[in-house]
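Right, one structure below, let's go through it.
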Amino acid sequence: MRITADTSVCISAGMCVLTVPEVFDQSDDDGLVTVLLPDPPKDLHGAVAQAVRLCPSRAIAISRE
Amino acid sequence: MPPTTSPESMTFPFQRQCPFAPPPEYDRLRAGEPVAKVPMALGGSAWLVTRYEDVRTVLSSPAFSADGTRPGFPRILPGQAQILERPPFIRMDPPQHGFYRRMIIQEFTHKRIKTMRPAIQAAVDRLLDDLLAGPRPVDLVEAFALPVPSLVICELLGVPYDDHEFFQSRSRAALTRASTAEQFATALGELRAYMDGLITRKQQDPGDDLMSRLVTDHLEPVGELGRDELVMMCLMLLNAGHETTVNMISLGTMALLEHPDQLAALRSDPELLPGTVEELLRYLSIADFVTARIAAEDTELGGAAIRAGDGVIALLAAADWDPGAFPEPERFDVHRGKRHHVAFGYGVHQCIGQNLARMELEIAFSSLFERIPTLRLAASADELPYKHGTLLYGVHELPVTW
C-alpha cells in the first residue's frame, strides 16, 4: 500500500487522525494532514481505506494497493 | 412505499413528530422522489435531497455552491438575507473559503483539542457540583447543557463568559424563525457591536486566545482580514460553538434516558463512549438543514434536472436515516460502530469544531451519568418544549431529577 496526501485540498477535519492515528497526523504549523506511515502494515489497511472514504475533501488516497 | 403526501402540499421546513426522528416526510420523499422540489416557507422553492449518497454528492461537488451572496440562495430564517449579503466563510466557495478557514484550522487539530481536556473536565465537574448541591428537579439545559459549550468556546475564543446572558439571548433571537427581520437585525447589530468592542480590547491588550491571534496575525499587520469579516467570523464561531453542542448534550441525555438498555450497555463498558457519541450525532442530526446550497450550473441528481440558480438543501438527518447507509436507522444502537454519518456535514465545509464537539460530548455524558447514576426525566418526553422553529433542532428545557 502507498498513501498520498494532498495538503492543497485538506480542510483539517481530522477524520483521518480519528480513524487511524498510527498513520495520519496534523501538522503543528498549519494543521494540515501529514502521513506518518506511507506504507502501513497490513493490519491497518482496512482502517486506512475507511479513512480515505471518510475524508470530506478527498485529500488522502491510496495510490497503490 | 409510495409517497402519501405529494410534494406540492408540503412546505419546508417540516416539523419533527417524534422527539428524535427526522420529519416523517423525509422517508416518504426518499422512497418516492429522492430529489424533490418543494415550496419554502419564506417563499420560492428548493430541491430537497434525502438519500445519503446524493447528500454527499451535493456537499462535495463544485456544481453546488455554498455562496450565500448568489441570488436565490435558500433561506430558512426571515432575517437571514442580512447575513447572506456579507456572509462568514461557511457561506463561501473555494478558494475564498479556504483562505479564511486556514486562518483557524490549527486551533482545532486533535493535538490542540487534547490540551483543552483538563479545563473542560474541570468545568464539567464544577457545574455538576453546583447542580448536585441545588434544588430538584432542575432544568438540565440551563444548569449543564448550555454552560458547558459556552464556557469552552468563550475560553477558546477569548470572549468573557460573564457576558453569556447577553450573547446567548441575542443568539437565540437571531436563530429562530419566530423573529421578524427587524428583530433579527436588532440582535445581529447588538452582537456585531459587542464583537467589535471586544476586537478593540484585543488590539490594546492581546491575550492567549483565538481572537487575539486573528487580530495580531491577520487583521493588523497585513490587513488580509477586514474588520467586518473578523467580526462575522468570531460571531459565527461563538454561535457554532455553543448553539450546536447545547442541543446535543440535552437531547443526547434524553435519548440515553429514554433507551435504558443502551444506557446500561454504555455504563457497563466505557469503551463504548466514542461510538455512543457517534450514534447520537447520527440519530439526532440536529443541524439537519443548515447545509443549504445553490446550483452553480445545470446538473442532474437522482433523476432530477436541476438548473443553475436553483436552491438545494442536502438534508443531513435524511441522509443519516437512509436505510441504505444505516440499516434500521430508527434503532438507537450504541454498538453500531459507524462513523460515516454526515451530522457534521461533508465536503470542504465539514464542521471545523467537530473534534472539540466530540470531546465535549464524551466528557459531558460520561461525567453526568457517573456523578448522577439515578438521573431521570422529571417530565414526560411528549410534553417537553422542542425547538421546532429554529435553525438547529433541540429542546428548550429538560427538567431532570435524581
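Only the coordinates and a few stated rules stand behind these numbers; no lab work does. Just so it is clear, the model here is predicted, and its values are computed rather than measured. No Cβ is skipped: glycine too gets one built from the backbone with ideal geometry, and neighbour counts run over all protein chains shown.
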Under the helix-only model (-39500 (n - 2.57) for each DSSP H run of 4 or more, divided by the residues of chain B), the mean residue ellipticity at 222 nm, to 500 deg cm²/dmol, is -13500 deg cm²/dmol
The computed P(r) of segment A:2-64 puts the percent of Cα pairs beyond 20 Å at 12
Projected onto the charge dipole of segment B:313-402 (unit charges on the beta-carbon of Lys, Arg, Asp and Glu, signs +1, +1, -1, -1), the Cα from B:F365, B:A379, B:I313 with the largest positive-side position is that of B:F365
Expressed in angstrom and rounded, the centroid-to-centroid distance over alpha carbons for segment B:128-144 and chain A is 42
Check: C-alpha center segment B:213-282 vs C-alpha center segment B:331-402, spacing in Å is 10
Counting only DSSP loop positions in segment B:119-221, the chymotrypsin sites (Phe, Trp or Tyr not before Pro) whose Cβ has at most 13 other Cβ atoms within 10 Å are none
Contact order relative to length for segment A:2-64, counting C-alpha pairs under 8 Å separated by 6 or more residues, stands in percent at 48
For chain B, the Debye formula with one identical point scatterer on each Cα and no solvent gives log10 I(q)/I(0) at q = 0.13 Å⁻¹ as -1.17
Taking a ≥ b ≥ c as the square roots of the eigenvalues of the Cα gyration tensor, with a/c under 1.5 meaning rounded and otherwise prolate when a/b exceeds b/c and oblate if not, segment B:60-147 is oblate
Partner shielding of A:22-29, taken as the mean number of other chain Cβ atoms within 10 Å, equals 3
Rounded to the nearest Å, the spacing of the alpha-carbon centers of segment B:29-53 and segment B:167-209 is 33
Looks like segment B:222-275, by Cα gyration tensor root eigenvalues a ≥ b ≥ c and the a/c under 1.5 rounded cutoff (else prolate when a/b is bigger than b/c, oblate otherwise), is prolate
Computed curve, the protein assembly as shown, Cα-only Debye sum without solvent term, log₁₀ I(q)/I(0) at 0.07, 0.09, 0.13 Å⁻¹, is -0.35, -0.59, -1.35
Averaged over residues of B:56-63, the number of beta carbons from other chains lying within 10 Å of each residue's Cβ is 1
Interchain or sequence-distant (5+) residues whose placed amide H lies within less than 5 Å of the amide H of B:V312 are B:W47, B:R293, B:I294, B:A295
Counting other chain Cβ atoms within 10 Å of each Cβ in A:51-57 and taking the mean gives 4
Contact order relative to length for segment B:238-371, counting C-alpha pairs under 8 Å separated by 6 or more residues, stands in percent at 29
Filtering GluC sites (Glu not before Pro) in segment B:1-96 by DSSP loop and by at most 11 other Cβ atoms within 10 Å leaves none
Computed over segment B:21-103, the Cα gyration tensor eigenvalues, each multiplied by 5 and square-rooted, give semi-axes in Å (largest first) of 26, 17, 11
For segment B:7-401, averaging the sequence separation of alpha carbon pairs under 8 Å that lie six or more residues apart and dividing by its residue count, the contact order in percent is 27
Among B:A46, B:A379, B:A174, the residue with the largest mean-square fluctuation in a Gaussian network model of chain B built from Cα contacts under 10 Å is B:A379
Total charge of the residues flanking B:F14 in space, meaning their Cβ is under 12 Å from its Cβ, with Lys and Arg +1 and Asp and Glu -1, is -1
Plugging the Cβ-Cβ distance of B:E190 and B:E300 into 1/(1 + (r/R0)^6) at R0 = 45 Å yields, to the nearest 0.05, a FRET efficiency of 0.50
In segment B:312-402, the GluC sites (Glu not before Pro) that sit in a DSSP loop and have at most 15 other Cβ atoms within 10 Å of their own Cβ are B:E330, B:E397
